[in-house]
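Worksheet for the structure shown next.
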Amino acid sequence: NRSNLYLQKEDWGLCEKLSLQALAIAEELNDLRNICHDCRTLGQVYAEKKSRNKQEECYTKALEASKKLKEEAEQRIDHRNLGELCLARGYKGRSEDHFKAALEISKKMAEKKEIATDYRHMGNLSFNNGNRVDAEKYYLDALNLTLEVGDKNGTAQDYTYIGNLKFKSGQIDEAEVNFDKAVDYFKETNNKPSLLQLFLTVARMELMISRT
């Protein structure tokens, strides 16, 4: 798929052009699976181009197609994409609807790793809403599941979110404990990009502490 190649190369112009061409063909053939794929690709392109309206249009069209496919795992992808986008745009009610829809699908399919992902999204939404009690509950529920299924990257993410929440709440010692655990898990999975981001977060935390 040439559009994916240009997506990987971050050539957004060519990727957009090829994806629009592919989408037109998929729509003409009523190829729902490729409509989903092309709309998601275009959504990524428009995210990079900061075109949020077009991004939402594409993700919405993908969801409509995945519903027609009647494949809930595909619908979950689109609900998550729309949930994250709506949260970024400040549409918290709509974001909650999409995250809850994704969580419902994961629970129905009894996929613990996916349930953890959706708990993480709900935790981020609660944190964004200023509800740190609910946020911590969701993050801990996600952590329990990732530990149970042995998802080390997921576990590292959960410790990171909990650490950040503790730091924002002024619980510095607890924040450091959770960040240290996150570092250990990211090292185990050799997730260097996430590890770098976490080190930067910890460095900013230490800088803020030194200034108080």
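Computed on protein heavy atoms with a 1.4 Å probe, the accessible areas place Asp97, Asp158 in the order Asp97, Asp158, largest first.
A 1.4 Å probe, protein heavy atoms only, puts the accessible area of Arg132 near 90 Å². Remark on Asp11: its backbone amide H falls under 5 Å from none of the residues 5 or more positions apart or on other chains, H modelled at 1.01 Å from N.
Which of the lysines could a cross-linker bridge to Lys166, judged by Cα under 20 Å and excluding same-chain residues fewer than eight apart? Excluding near neighbours in sequence, the set is Lys137, Lys181. Relative to the longest principal axis of the Cα atoms of the chain, the long axis of helix 192-211 lies at roughly 40 degrees. Rolled with a 1.4 Å probe across the full set of protein chains, the surface gives Lys168 an accessible area near 110 Å². If you plug the beta carbon distance of Glu71 and Arg204 into 1/(1 + (r/R0)^6) with R0 = 41 Å, you get a FRET efficiency near 0.50.
Here the relative contact order of the chain, from alpha carbon pairs under 8 Å that lie six or more residues apart, stands at 9 percent. Rolling a 1.4 Å probe across all protein chains gives His98 an accessible area of roughly 30 Å². Split the accessible area of the chain by element, probe 1.4 Å, and carbon with sulfur accounts for 49%.
Expressed as a whole percent, the proportion of Cα-Cα pairs in the stretch 9-50 lying more than 15 Å apart is 36%.
Springs join every pair of Cα atoms under 10 Å in this Gaussian network model of the chain, and among Ala175, Ala102, Ala62 the largest mean-square fluctuation is at Ala175. For the chain, adding -39500 (n - 2.57) for each run of n ≥ 4 DSSP H residues and dividing by the number of residues yields -29000 deg cm²/dmol at 222 nm.
The values are calculated or read from the model by the stated rules, or taken from the named source; none is laboratory data. Please read these numbers as outputs of a predicted model, since none were measured by experiment. All Cβ positions, even for glycine, are placed from backbone atoms using ideal geometry, and neighbour counts span all protein chains on display. Calculation scope for accessible area: heavy atoms of the full protein, side chains included, ligands and nucleic acids excluded. Shrake-Rupley method; radii C 1.70, N 1.55, O 1.52, S 1.80 Å.
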